[in-house]
Amino acid sequence: MLKGKTAIVTGGSRGIGEAIVYRLASLGADVAVIYAGNTEAAEKVCDKCRTQLGVSAKAYKCDVSDFNEVKETVAAIKADFGTVHILVNNAGITHDGLVVMMKEEDFDAVTDTNLKGAFNMIRHCSGLFLRNREGSIVNITSVSGLTGNAGQSNYSASKAGLIGLTKSVAKELAPKGIRCNAVAPGFILTDMTGDQTDNPLLKMIPLGRMGETEDVADAVAFLATAKYITGEVLRVDGGIAM
């Protein structure tokens, strides 16, 4: 389905990003995996894509919040792969805390990575999409961006901003055949979340369980290939934000 296409996935060395990389690669896409710090993990993901899924894959270390560093990284990806067809903005961080005590640097760090990072990637990939007269952008937002979450004013603001960015970019680029959508995960089980069996928040989820990274990856793959959907925010949350 995606054979001959190249996808960039930011934050692709672990968790949700890793699952997205594998899902797109399983559909035949070559993948550029952008990571922040763990080179070993990123190389392991790329090796699996090459040896088990039979696609080209390469890892790129990049701070997505740095405009010029992203520009250089996208140029390197273009040199290696020729062009880009799919961009998944998954990179994200948290620095939780109540707003009355939150440090300025914690607010800035989260919004710079989660929101500005997505802008930087879209800004520097758009030229490739425009030349191809096609492209699919999928931004990973969160149900926190839809409903807010106490103790996460910075994270929720960044994810709500991603929704606005998604809709604006969708309207701007649609005439050129470029689509932009978002996926809003709820509580997803990853290595970072650990055992959540006794978490009282599970009772708030209509489906009664946490999601899996593959659930988010499936939604990304759907939006990446859905030719007549743009500006959409697809919740993957077990119904918690209904």
Just name one of Gly37, Tyr60, Phe222: the one whose Cα is farthest towards the positive end of the charge dipole of the chain (beta-carbon charges, Lys/Arg +1, Asp/Glu -1).
Phe222
For every helix of n ≥ 4 consecutive DSSP H residues, a contribution of -39,500 (n - 2.57) applies; sum these over the chain, divide by its total residues, and give [θ] at 222 nm rounded to the nearest 500 deg cm²/dmol.
-13500 deg cm²/dmol
Residue by residue, what Karplus-based ³J(HN,Hα) values in Hz, rounded to whole numbers, does segment 65-78 have, using 6.51, -1.76 and 1.60 with θ = phi - 60° and x for Gly and Pro?
6, 9, 4, 6, 5, 5, 4, 5, 5, 4, 4, 5, 5, 4
Please give the Cα centre distance for segment 193-242 versus segment 91-107, rounded to the nearest Å.
24
Greater than 22 Å separation of Cα atoms is the criterion. Which listed pairs, Lys3/Lys61; Lys5/Lys48; Lys171/Lys227; Lys176/Lys227, meet it?
Lys3/Lys61
What nm value, rounded to one decimal, do you get for the distance between Glu40 and Leu189 when each label is placed 7 Å out toward the C-beta?
2.6
What trypsin sites (Lys or Arg not before Pro) does segment 1-87 have in DSSP loop regions with at most 13 other beta carbons within 10 Å?
Lys3
Report the trypsin sites (Lys or Arg not before Pro) located in segment 115-213 that are in a DSSP loop and have at most 13 other Cβ atoms inside 10 Å of their Cβ, or state none.
Arg133, Arg209
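Just so you know, all these numbers are worked out from the coordinates, no wet-lab data involved. Computed from a prediction, not measured in an experiment: that's the story for all the values here. Note that each Cβ is placed from the backbone with ideal geometry, even for glycine, and that neighbours are counted across all protein chains shown.
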